[in-house]
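*Asks:* Quick one: this structure, given as structure tokens, is what I'll be asking you about.
The values are calculated or read from the model by the stated rules, or taken from the named source; none is laboratory data. Here the structure is a predicted model, which is why all the values come from computation and not from measurement. Every residue, glycine as well, gets a Cβ built from its backbone with ideal geometry; the counts of neighbours run over all protein chains shown. With ligands, DNA and RNA removed, areas are computed over all heavy atoms of the protein, side chains included. Shrake-Rupley method; radii C 1.70, N 1.55, O 1.52, S 1.80 Å.
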Amino acid sequence: MSADLRGKWALITGASRGIGRQLALGLAEQGCHLILHSRDRQHTAALEKELAARNRRGLGLAAELSDQAAVDRLVDQALALSGGLDIVYNNAAIMTPFQNDWLATPAEHYRQSFEVNVITPIRITYRVLPVMRARGWGRIVQVTSGITNEPELMAYAASKAALDKFVRDAAPSLRGSGVLMNLLDPGWLRTDLGGPKAPNSVESVLPGALVPALLDDDTQGRLFRAQDYAG
Ligand SMILES: NC(=O)c1ccc[n+]([C@@H]2O[C@H](COP(=O)([O-])OP(=O)(O)OC[C@H]3O[C@@H](n4cnc5c(N)ncnc54)[C@H](OP(=O)(O)O)[C@@H]3O)[C@@H](O)[C@H]2O)c1
């Protein structure tokens, strides 16, 4: 059995392109209304139109996710527009440049990566969790990565490991609340972040990426790999 997502409100961070855009299209197909986050409302304008053509509501909101005040405003606006979010995909992330000389990785790369990839998704989670718990239903999906053995990208990899730790340790406390928090590894995909050499198309993230939103049980803290469901 899958959860019925018709009429649910979903916030997707980083919805303008890449995996976030696919998530928006997939959730719209399930009947969700969408809050489409990016850094500039112009970036989601085309997607808003595409969703409207399919009779789905997609509302764009802009926020720079390294700015915690902007993150708070984003959550406030998303909650006000939706009347209470049901689903959150913390999808947006940055990957600082590949460091051939990885022992010289600047500390700033770690600061930026942890701000956007760890502190912000956790902050968004802290803000939406009480709302979801009060309503007795919610799905929080933290988008992580399967990256391994790449010290040249360690600022990014370590930030995702920190996010994984947050989910694994916090999710069990949500048992029985109706709010599920799980991890999604989309696989290595051809996006701006993944680059042109990635083996998988961005479309291959569906349908697997929707599995943690469609759960209809009490699965908590589990890692779902979208490529396990790719055709
Ligand atoms: N692609 C892969 O191979 C791969 C593999 C494993 C995990 N992932 C994970 O999947 C997620 C999505 O990746 P993707 O490949 O789709 O990335 P992408 O194509 O680079 O898209 C990034 C999205 O995040 C937004 N964003 C980036 N930096 C931001 C910031 N500082 N503040 C606010 N928004 C920001 C962008 O908005 P704008 O349009 O406004 O710039 C855009 O919508 C990430 O969590 C990534 O770590 C990707």
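*Asks:* If the Cβ limit is 9 Å and pairs must be 6+ apart or interchain, which residue in region 46-61 that is in contact (Cβ under 8 Å) with a residue 60 or more places away in the chain pairs with which residue that is open to solvent by 60 Å² or more (accessible area, probe 1.4 Å) and not aliphatic (A, V, I, L, M)?
*Replies:* Filtered contacts from region 46-61: no entries.
*Asks:* With the condition kept exactly as written, say whether any residue in region 135-150 is open to solvent by 30 Å² or more (accessible area, probe 1.4 Å), farther than 26 Å from L27 by Cβ, out of contact with any helix residue (DSSP H, G or I) (no Cβ under 7 Å at 6 or more places or on another chain) and not in a helix (DSSP H, G or I).
*Replies:* Yes: one or more hits.
*Asks:* Between a first residue in region 177-195 that is at positive phi and a second residue that is crowded, with 20+ Cβ neighbours inside 10 Å and aliphatic (A, V, I, L, M), which pairs have beta carbons less than 8 Å apart while being 6 or more apart in sequence or on different chains?
*Replies:* Going by the 8 Å Cβ cut-off, the qualifying pairs are G178/M132; G187/V205; G187/A226.
*Asks:* Also, quick follow-up: Taking the conditions exactly as written (within 24 Å of L215 (Cβ to Cβ), in contact (Cβ under 8 Å) with a residue 40 or more places away in the chain, small (G, A, S) and in a helix (DSSP H, G or I)), does G14 satisfy them or not?
*Replies:* Details: within 24 Å of L215 (Cβ to Cβ): yes; in contact (Cβ under 8 Å) with a residue 40 or more places away in the chain: yes; small (G, A, S): yes; in a helix (DSSP H, G or I): no.
So G14 fails the test.
*Asks:* Then there is this: Can you tell me which residue within region 175-224, out of those that are surrounded by fewer than 19 Cβ atoms within 10 Å (Cβ to Cβ) and among the small types (G, A, S), is nearest to D4 (Cα to Cα)?
*Replies:* Looking at residues that are surrounded by fewer than 19 Cβ atoms within 10 Å (Cβ to Cβ) and among the small types (G, A, S), I get G178.
*Asks:* Search region 88-110 for residues that are among the β-branched types (V, I, T) and pair each with any residue that is outside any helix (DSSP H, G or I) when their beta-carbon atoms are under 6 Å apart and the residues are at least 6 apart or on different chains.
*Replies:* From region 88-110, the pairs are V88/L11; V88/I140; T105/Q99.
*Asks:* Could you look through region 37-66, keep only residues that are open to solvent by 60 Å² or more (accessible area, probe 1.4 Å) and outside any helix (DSSP H, G or I), and pick out the one that is nearest to the ligand (Cβ to nearest atom)?
*Replies:* Only one residue tops the list, namely R39.
*Asks:* Now for a different question. For region 109-156, which residues satisfy the criterion of being of a type in the set (D, E) and in contact with a strand residue (DSSP E or B) (Cβ under 9 Å, 6 or more places away or on another chain)? It would help to see each step written out before you state the result.
*Replies:* Filtering region 109-156 down to residues of a type in the set (D, E) leaves 115, 150, 152.
Answer for region 109-156, where residues must be of a type in the set (D, E) and in contact with a strand residue (DSSP E or B) (Cβ under 9 Å, 6 or more places away or on another chain): there is none.
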